[in-house]
Amino acid sequence: MKHLCVEGWRFIPHSYSLVNQWQLLSIAKRKDIKLSVRDVPYYREHWRPTKGLFTSEQEQTLASIPTCGVKDNVDAIFKISFPYEFSVPLKSRTVVFATSEFQCLDENDFTSVPDIKSLAASKLFSVVTPSHWSREGFLRLGLRNEQVIVIPHGVDPNVFYQPTEQQRYALRKKLGISSFIFANASAMTENKGIDLLLRAFAAVAEKRPNARLLLKGADRLYPSQSFVRQAIATLPSRLKQIIVDRLCYSGDTISNERMAQFYQSADAYVSPYRAEGFNLPVLEASACGTPVVCTKGGSTDDFVKESFAYFIHSKLRVNLHTKNGGVELEPDLDHLIHLMFRIMDDGEWYKQAGVAGANHAAKHFNWDLIVNKLLTTIFVPAAL
């Protein structure tokens, strides 16, 4: 039996923590792995543990995982937190989960300046990142090609699934929804493209008054609501009023079950992102049978298909806010508007898209399948 120690975040609604907890729950079911954990301090001082994200049974499982002592002998360490700790392993296999949204990294991304030359020469060190887009940043950093492994995120099909027509009707009735709902769940930061989504929605709603925009922020972690307000403030007065009359925003922390209902109640999930390490909400929305509109050329290319998504044209450009020549995508606003109209009108495609997305996510991206790939990577070091 292999002993795996996972160092990372638990019990907060940050994507790293959620991914870590889903993976821990899958590993905890296995008989061939001795699992232990080391909790790492949260990135921000105001972040606090939150109960109710998972079921009480799942939270009990997560809380009951033994703590790994500093002197405990382990076969491998998997790290999933931020800033990244890139240190040369002395004896145990070490794999670090990391993302590179803008395909570059700088000193602020690390706990200390990494010795890339020594890391690249190590048989014991690897990086796991969730998309080929993100992978480019670590190759640019100087790590070996076979040392940077792409392992996507996943979903639990028992939580994120396509409801029946009757279930969806009942859910929307309970929530008082009768309009066409465009949805987005994110930190609402610039790289998420919320400014583009708001502009596009205003253009659509001006001609389709029955359209509504449902935004789910993360106010316990970020000033998401302020980001939305700032983006609205840049718009002409006429467009501001159109949006305000049709926008529903929530920054509350909710359970995975309620998050699934958020996707299930929407008619389309729209993500005109500029830079993402993966973009888990797009996968979760697809798993819930919600057709997607998302940026072409980025991280979602790895897991989104034309059978259930419309792709926004985009152009690659330099991100001026990064120090080391980072890049991002700029989605085409006019094409985004066109696709939002199209998804409202293309009923034949729309009906099959929900089924295709849900089947694709459940078959290829369930957490047990993803964790199998992760454990294989952790316990099979990349050859020099």
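Read the figures in this text as sums done on the coordinates, not as results from a lab. None of the values given here were measured: they were computed from a predicted structure. Backbone-built Cβ (ideal geometry, glycine too); neighbour counts: all protein chains shown.
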Angle check, please: helix 256-265 long axis (alpha carbons) against the longest principal axis of the chain (alpha carbons), in degrees 0 to 90, nearest 10.
30 degrees
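222 nm [θ] for the chain, helices only, -39500 (n - 2.57) per DSSP H run of 4+, per residue, to 500?
Mean residue ellipticity at 222 nm (helix-derived): -11500 deg cm²/dmol.
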By per-residue mean of other Cβ atoms within 10 Å, what is the highest-first order of 271-282, 256-267?
271-282, 256-267
Please name whichever of Leu339, Ile80, Ala98 sits farthest to the positive end of the charge dipole of the chain, dipole taken about the Cα centre and charges placed at Cβ: Lys and Arg +1, Asp and Glu -1.
Ile80
When you count, for each residue, the other Cβ atoms within 10 Å and take the mean per peptide, how do 121-134, 73-86, 53-66 rank with the highest first?
121-134, 73-86, 53-66
Per-selection Kirkwood Rh - the chain (Cα, Å, 1 d.p.):
21.6 Å
Residues of the stretch 341-384 with amide nitrogen under 14 Å from the 7 Å Cα-to-Cβ point of Asn145?
383-384
For the pair Ser92 and Arg229, how long in nm is the line joining their label points, each one 7 Å along Cα→Cβ?
4.5 nm
Only Lys, Arg (+1) and Asp, Glu (-1) charged, at Cβ; the chain dipole about Cα centre in debye:
400 debye
How big is the Cα convex hull of the stretch 165-364 in projection, averaged over all directions, in nm²?
11.3 nm²
Which whole-Hz ³J(HN,Hα) couplings does the stretch 281-287 yield from phi under the Karplus relation 6.51 cos²θ - 1.76 cosθ + 1.60, θ = phi - 60°, glycine and proline marked x?
x, 5, 5, 5, 4, 4, 4
5 angstrom amide H check on Phe160, placed H, neighbours 5+ away:
none
For Ile116 and Leu320 in the same chain, what is the full-extension length gain: residue separation times 0.36 nm, less their Cα-Cα distance, in nm?
71.0 nm
For Asn73 and Gln166, extending 7 Å from Cα along the Cα-Cβ vector and measuring point to point gives, in nm, a value of 5.9 nm
Just for the chain, what percent of DSSP beta bridges are antiparallel, to the closest 5?
10 percent
Between helix 132-141 and the chain, what is the angle of the helix's C-alpha long axis to the longest principal axis, kept within 0 to 90° and rounded to the nearest 10?
50 degrees
Per the charge dipole of the stretch 165-364 (beta-carbon charges, Lys/Arg positive, Asp/Glu negative, Cα centre), the residue among Pro236, Thr295, Ala183 reaching farthest to the positive end is Pro236
Expected sort for Thr111, Thr94 with the fewest Cβ neighbours (10 Å cutoff) up front is Thr111, Thr94
Between the helical axis of 367-379 and the dominant principal axis of the chain, each derived from Cα atoms, what acute angle in degrees is found, rounded to the nearest 10?
30 degrees
Among Leu198, Asn359, Ser314, which residue has its Cα furthest toward the positive end of the charge dipole of the stretch 165-364, with +1 on Lys/Arg Cβ and -1 on Asp/Glu Cβ?
Leu198
Considering only DSSP beta bridges with both partners in the stretch 165-364, what is the antiparallel share in %, to the nearest 5?
20 percent
